[in-house]
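Here's the structure, in structure tokens; my notes come after.
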Amino acid sequence: MRDSTDKEAYAAHIKVGDAVQTPDGELWVVTGRNEGAYALASAYRGTTGHICPDIVEPTRTVLSAEYLTKIADARQVRR
């Protein structure tokens, strides 16, 4: 069994394709990384509960890692 520190370390490791959430509750998919900042594209939670990138009118932004919480691994994000 893993302890909470392993889970926290995993959650802190944000990579391209992961879904993240900002403090205001907005969902994003990571599209790139550069020196502690992440390029993000807007996302939403689909009817099945999966995170899906917004393909109709995606909003793009760049945020520092301190404002992001990983909520889904890239394998769990629908393409």
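Tabulated values for the structure
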read-out	value
Candidates Thr59, Thr48, Thr5, Thr22, filtered to the one that is out of contact with any Phe, Trp or Tyr (no Cβ under 7 Å at 6 or more places or on another chain), of a type in the set (Ser, Thr, Tyr) and at pLDDT 95 or above	Thr59
Residue identified as at pLDDT below 95, among the small types (Gly, Ala, Ser) and within 12 Å of the chain's Cα centre (by Cα) among Ala43, Ala65, Ala39	Ala65
Scope the stretch 44-79; condition of a type in the set (Ser, Thr, Tyr), touching a strand residue (DSSP E or B) at 6+ places or on another chain (Cβ under 6 Å) and in contact (Cβ under 8 Å) with a residue 24 or more places away in the chain; matching residues	Thr61, Ser64, Thr69
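The values are calculated or read from the model by the stated rules, or taken from the named source; none is laboratory data. Just so it is clear, the model here is predicted, and its values are computed rather than measured. In this analysis, Cβ positions are derived from the backbone assuming ideal geometry, glycine residues included, and neighbour counts consider all displayed protein chains.
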